Amino acid sequence: IWQTQLSVARLALDNAGIAPQDISGIGITNQRETVLLWNRSTGEPIHNAIVWQDRRTSTHCQSLLEAGQEGLVRERTGLVLDPYFSASKIHWLLRNIPRAMEAAQAGELAMGTIDTWLLWNLTGGQCHATDHSNASRTLLYNLHTQDWDDELLAIWDIPREVLPAIVDSSGICAEATAFGGSGIPIAGIAGDQQAALFGQACFLPGMAKCTYGTGCFILMNIGEKPLSSPSRLLSTVAWSVDGVTEYALEGSVFMGGATIQWLRDGLGIIQSVPDVEPLARQVEDSGGIAFVPAFTGLGAPHWDPTARASIQGMTRGTNRAHVARAALESITLQVSDVVEAMAKDGCLELKEIRVDGGASANTLLMQLQAGLLGVPLFRPAQKESTALGAACLAGLATKVWPDKQSISTRWQPEAKFLPEMPPEIICSLRERWSAAVRRSMEWPAT
């Protein structure tokens with residue numbers, strides 16, 4: 001990861017014909033819950049990174065649930081006890097790598113999500129830090145004190161010595177020396193979904209975005225106070241700017257674009273991801289089938305790590321076009337579950353959603369989504385909202401932009417998708433989906 005980022009950054013400088021000293025600031029954004037441990041002296045990881053989708057810690061999370069720890073965890077962190085988050089992955093590394101716990105307690109190891117790993121390497125090991133948005137995804141961060149929580153550390157048996165410092169999402173925290181010269185200010189850090197929320201200029205409470213990437217992530221700005229979600233959505237830090245922390249309510253769908261990748265790599269019914277749209281358009285509907293892509297369990301609002309993927313309702317008339325369309329429907333139905341849960345939790349009524357990510361280029365997917373949600377979707381001219389958000393956070397700190405309003409005025413929609421799905425079709429899709437989800441949950445272990 002470090003080598004690819006370094007080489008791409010150098011290539012970008014070459015292609016732009018500029019020198020490192022011409023850069024005002026660097027923004028970092030990252031897959032949030034992916035985590036690793038490395039030796040502070042050598043900078044070498046002690047094991048492979050464990051990615052956010054990894055479910056190896058399901059049993060340990062279940063044991064904590066059975067021990068009655070979820071109430072404390074939810075109240076302090078705004079999250080749920082699920083393998084998705086970083087703490088159980090760190091626990092696994094410390095328990096399964098020889099001498100890892102001993103080295104951690106001696107202060108020899110550093111822990112980090114990928115932002116921290118990149119920051120460490122950009123600064124030659126001089127800065128071990130993360131921002132509030134990434135810290136809030138670890139199950140170790142207290143939303144109310146905005147710091148690491150000793151009681152949570154004790155639950156996971158993680159020594160405080162391995163943890164990074166926590167800094168603002170927008171603010172100069174170090175200088176990158178990896179490009180030579182006097183160093184470039186590192187001025188922005190945010191987890192990918194929070195960066196996308198910032199890049200979409202969702203600066204007011206009630207504004208929301210959905211990123212259609214590997215997974216789908218729906219975030220709504222809820223202002224300067226975290227919100228407890230009866231529907232088990234996540235309260236998370238959106239960003240911290242000038243010492244002021246704002247929060248978001250989030251629903252995480254584990255299999256978004258990854259579902260289409262499975263059609264390509266697992267079933268082989270398409271040659272490339274863009275092929276799914278023309279294939280799905282060959283049929284008017286999914287032929288009565290429901291596709292629940294619970295390959296890594298179900299995220300919000302179901303939170304069932306034991307759920308498994310299924311395609312239900314097939315007949316001899318089912319063909320690959322029906323499966324392709326059902327796959328697209330499955331993405332929109334998962335997002336609709338999250339938005340419905342947000343409404344139940346008493347959030348501000350959604351009047352629109354700003355969309356981004358690779359799969360947002362799929363026009364049929366966006367049309368289906370607008371129809372199911374009953375609100376307009378706006379796709380921005382700059383679809384890479386995550387990278388844009390990281391750049392805006394850095395630019396805000398280095399005065400490229402004087403304030404958030406100047407960033408907001410730059411945001412422009414490229415396409416608008418209006419809700420046009422008949423109510424009876426919405427009802428049929430939702431009923432079939434709900435029945436299929438119930439049958440996919442609590443799948444027996446093999």
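The values are calculated or read from the model by the stated rules, or taken from the named source; none is laboratory data. Computed from a predicted model, the values in this text were never measured in an experiment. No Cβ is skipped: glycine too gets one built from the backbone with ideal geometry, and neighbour counts run over all protein chains shown. Surface accessibility is based on the protein's heavy atoms, side chains included, excluding ligands, DNA and RNA. Shrake-Rupley method; radii C 1.70, N 1.55, O 1.52, S 1.80 Å.
Here is the list for segment 295-347: trypsin sites (Lys or Arg not before Pro) lying in DSSP coil, each with at most 13 other C-beta atoms within 10 angstrom of its C-beta, are ARG316. The stretch between ASP265 and THR363, if pulled fully straight at 0.36 nm per residue, gains 33.1 nm over its current Cα-Cα span. Computed over protein heavy atoms with a 1.4 angstrom probe, the accessible surface ordering of ILE28, ILE269, ILE46, largest first, is ILE46, ILE269, ILE28. For the chain, relative contact order (Cα pairs under 8 Å, six or more residues apart, normalised by length) works out to 16 percent. Between the C-alpha center of segment 111-168 and that of segment 349-392 there is a gap of 30 Å. Going by accessible surface with a 1.4 Å probe and the largest first, LYS416, LYS399 read LYS399, LYS416. Averaged over its residues, the chain has an accessible area of 41 Å² per residue, based on protein heavy atoms and a 1.4 Å probe. Taking the longest Cα principal axis of the chain as reference, the axis of helix 86-96 is set at about 70 degrees. Rounded if a/c is under 1.5, else prolate if a/b is larger than b/c, else oblate: which is segment 331-372, with a ≥ b ≥ c the root eigenvalues of its Cα gyration tensor? Prolate shape, in that a/c is at least 1.5 and a/b is the bigger ratio.
Cross-link partners for LYS344 among the lysines, with Cα-Cα distance under 27 Å and sequence neighbours closer than 8 places in the same chain left out: LYS209, LYS225, LYS416.
Please identify, among ARG74, ARG232, ARG95, the residue showing maximal mean-square fluctuation in a Gaussian network model of the chain using a 10 angstrom Cα cutoff. So, out of ARG74, ARG232, ARG95, the one fluctuating most is ARG95.
Computed about its Cα centre, the charge dipole of segment 353-446 is approximately 140 debye, with only Lys, Arg, Asp and Glu carrying charge at their Cβ. Anyone know which of GLU284, GLU384, GLU246 comes out most mobile in the 10 Å Cα GNM of the chain? Among GLU284, GLU384, GLU246, the largest mean-square fluctuation in the Gaussian network model of the chain belongs to GLU284. Helices in the chain, meaning DSSP H runs of at least 4 residues, each add -39500 (n - 2.57). Divided by all residues, the mean residue ellipticity at 222 nm is -10500 deg cm²/dmol. When the P(r) of segment 334-446 is calculated, the portion above 24 Å amounts to 44% of the C-alpha pairs.
R0 = 45 Å: FRET efficiency of ARG439 with SER182, Cβ-based, nearest 0.05? Result of the calculation: an efficiency of 0.15. Kirkwood's formula applied to the C-alpha pairs of segment 185-320 gives a hydrodynamic radius of 17.2 angstrom. In this view, the solvent-accessible surface of ARG99, computed with a 1.4 Å probe and all protein chains in place, comes to about 140 Å². Compactness of the chain, taken as the C-alpha radius of gyration over 2.2 N^0.38 Å, stands at 0.97. Between 0 and 90 degrees, rounded to the nearest ten: what's the tilt of helix 385-397 against the longest Cα principal axis of the chain? The angle comes out near 30 degrees. Across segment 1-160, the relative contact order, built from alpha-carbon pairs under 8 Å that are at least six residues apart, equals 25 percent.
Where both bridge residues fall in the chain, DSSP classifies roughly 75% of the beta bridges as antiparallel.
Each residue was assigned an accessible area with a 1.4 Å probe, and for SER229 the value is about 10 Å². Taking only protein heavy atoms and a 1.4 Å probe, the accessible area of segment 14-171 is 45% carbon and sulfur. Over segment 390-446, what percent of the accessible surface lies on carbon and sulfur atoms, probe 1.4 Å? So the carbon and sulfur contribution to the accessible surface is 55 percent. Between segment 272-333 and segment 169-206, the C-alpha centres lie 36 angstrom from each other. In the context of the full protein assembly, ILE222 retains an accessible surface of approximately 30 Å², using a probe radius of 1.4 Å and ignoring ligands and nucleic acids. With 0.36 nm allotted per residue and the present C-alpha distance subtracted, the LYS416-ASP285 stretch has 44.9 nm of extension available.
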